[in-house]
Amino acid sequence: MSIIRDLSLAEAGIKKIEWVKEYMPVLRQIEEQFKRDKPFAGMRIAVCVHLEAKTAYLSQVLAAGGAEVATTGSNTLSTKDDICAGLASQGYKVYAWHNATEEEYWEHLRKTLEFKPHIVIDDGGDFMTLLHGDYAEYGENLLGGCEETTTGINRLKARVRDGSLKFPMMAVNDADSKHLFDNVHGTGQSVWDSIMYTTNVMLTGRDVVVAGYGFCGKGVAMRAKGLGARVIVTEINPWRAMEAVMDGFRVMKMDDAARIGEFFVTVTGCKDVITARHYEVMRHNAFLANAGHFDVEFSKPDLAAMSTKIEERRPFIEGYHLKDGRILNVLADGKLVNIVAGNGHPADIMDMSFALQAMGALHIAKNGKNMKPDLYSIPLEIDREIALMKSKSMGLGLDVLTPEQDAYINGYEH
C-alpha cells in the first residue's frame, strides 16, 4: 500500500506524466523494447530520485519490463504530490510526499526498500546509507544498482576506497550521455528558469557568482552569460579555474566575490562554500541559490545566527534580516533551486539520463550476479547507443567512417 498525501490529485499527476512522455523519445523506445522482452520479470526495483513527472515515467518504463517497482523521492521539497498520486492510482508502490519531515523522509525510504529489491536506482546515496547501515537486511536480494548524481558517486568512491561497498553500482553520472547534457544544459537552463520565475528580477547587467566549474557550473555560468549577466566563477581546482577564464569568465576567491555578487549559485557538491564571513560583506538583497545535491553548500545556520528576523518574502524566497539592515534572500530553503522552485531539468534532457538508468538497470539484471562489489562505468556501447538514438530522434545527420577511414584512425600502418 502506498503512503502518499492526497490520491485525489491523481488526474493532474497523470496528465503531467503523459506530457513529459511526449518529449522523451529514447525512453519511449526503450519502453517498447522492455514490453516485448520483459527483462525484469520476477524482479523488484526500488527507485529514489526527485519524484516528479520524469521520474514517474522512468518507474513506468521499468514496470513495463516486468518489474515490481516501488518509488520514493530523494529530496523532500522536490517531491510533487500530484505525481505521487498519479503513480499510486496506477497501482505502483509510492512512499513520499512534499515537504516531509526528516523522520518522515527516512521512513519513506525505508518503506521503499522494505520489499527487498533486486535492483536500486539511487540519487545521492541515501538508499546506500540505509542498505549499509541499520537496514542491511533489505539488501539480501540485491544484485546491484545505479547512481544518478556526482554526490552519490563520490560517496560510492569513498566506500570503494575503504572496502565497505556491498553491491555493484553503475556510475550513471559519469556517462557522456549524462554529464555532457543533463549536467551542463539541463542544470543551466532549469536553474535560471526557476530563479527568474521565483524572483521576477532581471538577470541582464547583474553580477552573478557561480561556485564550482564542473559540468553543472559550466552550464549555470554559460546560461547566465547568455542572459546578459556578468559572471564570476570560484574554484578550488586550477584546471577548472583556467577553463573558466578561457571561457570568458572572471575567477576569484569567494572572499572577494562575496562583495560583488548579486546572485550566488552554488554547484560544488561540498559544504560551507559560503559562510558567515561572506554574508558579512554581501550586498543588500543578494540572492542565494543552491544547485548542488544537498542543502549544505551555503551555511544556513551561520546566516540564521546573524539574523534578527527570517520571513517569507515570496513563495520559495526567505529574507534573512541582518542587524545592519541588509536582507539576504535564500531561495528554495537552500535545496535544489531548479527542482524545488521550478520544474527540474527539461524532459528532453532527462530522456538520455533516464535511458541510461533503465539500461544500467538492465545491465545489472543480466550481469549483477557475476559482478563483484565495486563502482562500474556504464558500458561504452550502451552510452553510444543512447546517444545515437537521441541524435536520430533529433533528426541529426551523422557521417559514417568508411573502412579505409576506420583503418587509418585505429591503425598505425598509414
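Of all the listed residues (Thr55, Thr71), the sole one being open to solvent by less than 20 Å² (accessible area, probe 1.4 Å), under 21 Å from Ile349 (Cβ atoms), assigned to a strand (DSSP E or B) and among the hydroxyl-bearing types (Ser, Thr, Tyr) is Thr71. Among residues of segment 144-165 that are over 17 Å from Leu336 (Cβ atoms), those with a Cβ under 6 angstrom from a residue that is open to solvent by 20 Å² or more (accessible area, probe 1.4 Å) and among the hydrophobic types (A, V, I, L, M, F, W, C), sequence gap 6+ or separate chain, pair up as Leu156/Leu375; Val160/Leu375. State the number of residues belonging to segment 109-122 that are open to solvent by less than 10 Å² (accessible area, probe 1.4 Å) and either modelled with pLDDT under 95 or assigned to a helix (DSSP H, G or I) (or both). The qualifying residues number 3.
Of all residues in segment 193-214, one or more are open to solvent by less than 60 Å² (accessible area, probe 1.4 Å), in contact (Cβ under 8 Å) with a residue 12 or more places away in the chain, of a type in the set (A, V, I, L, M) and part of a helix (DSSP H, G or I).
Results for (1) in contact (Cβ under 8 Å) with a residue 40 or more places away in the chain; (2) among the aromatic types (Phe, Trp, Tyr); (3) part of a helix (DSSP H, G or I), shown as yes or no for each residue.
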{"residue": "Ser8", "(1), (2), (3)": "yes, no, yes"}
{"residue": "Gly13", "(1), (2), (3)": "yes, no, yes"}
{"residue": "Glu18", "(1), (2), (3)": "no, no, yes"}
{"residue": "Arg28", "(1), (2), (3)": "no, no, yes"}
{"residue": "Gln33", "(1), (2), (3)": "no, no, yes"}
{"residue": "His50", "(1), (2), (3)": "yes, no, no"}
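Whether a residue is among the charged types (D, E, K, R), modelled with pLDDT of 95 or more, surrounded by fewer than 24 Cβ atoms within 10 Å (Cβ to Cβ) and under 25 Å from Ile364 (Cβ atoms) was assessed, and Lys15 does not pass this test.
For segment 276-317, give me the residue count where each residue is among the acidic types (Asp, Glu) and out of contact with any helix residue (DSSP H, G or I) (no Cβ under 7 Å at 6 or more places or on another chain). Walk me through it before giving the result.
Step one: filter segment 276-317 for residues among the acidic types (Asp, Glu), giving 280, 295, 297, 302, 311-312.
Filter again for out of contact with any helix residue (DSSP H, G or I) (no Cβ under 7 Å at 6 or more places or on another chain), leaving 280, 297, 311-312.
Number satisfying all stated conditions: 4.
From the list Ala64, Ala85, Ala46, Ala70, exactly one residue is at pLDDT 95 or above and touching a Gly at 6+ places or on another chain (Cβ under 7 Å). Which is it? Spell out how you get there, then give the answer.
Details: Ala64 fails: touching a Gly at 6+ places or on another chain (Cβ under 7 Å); Ala46 fails: touching a Gly at 6+ places or on another chain (Cβ under 7 Å); Ala70 fails: touching a Gly at 6+ places or on another chain (Cβ under 7 Å).
Within the list Ala64, Ala85, Ala46, Ala70, the selection yields Ala85.
Of the set (1) open to solvent by less than 40 Å² (accessible area, probe 1.4 Å); (2) at pLDDT 95 or above; (3) not in a loop (DSSP other than H, G, I, E, B), all apply to Leu165 but (3). Selection of segment 351-408 for residues being open to solvent by 100 Å² or more (accessible area, probe 1.4 Å) and touching a Leu at 6+ places or on another chain (Cβ under 7 Å) yields only Lys369. Count of segment 342-385 residues, restricted to those that are in a helix (DSSP H, G or I), of a type in the set (A, V, I, L, M, F, W, C) and either closer than 21 Å to Phe40 by Cα or in contact with a strand residue (DSSP E or B) (Cβ under 6 Å, 6 or more places away or on another chain) (or both), is 11. You will find that of Asp302, Asp333, the residue that is acidic (Asp, Glu), in contact (Cβ under 8 Å) with a residue 40 or more places away in the chain and more than 25 Å from Leu27 (Cβ to Cβ) is Asp333 and no other.
The values are calculated or read from the model by the stated rules, or taken from the named source; none is laboratory data. Please read these numbers as outputs of a predicted model, since none were measured by experiment. Using ideal geometry, Cβ is built from the backbone for each residue, glycine included, and neighbour counts are taken over all protein chains shown. Please note that ligands, DNA and RNA were not included when accessible areas were found on the heavy atoms of the full protein model with its side chains. Shrake-Rupley method; radii C 1.70, N 1.55, O 1.52, S 1.80 Å.
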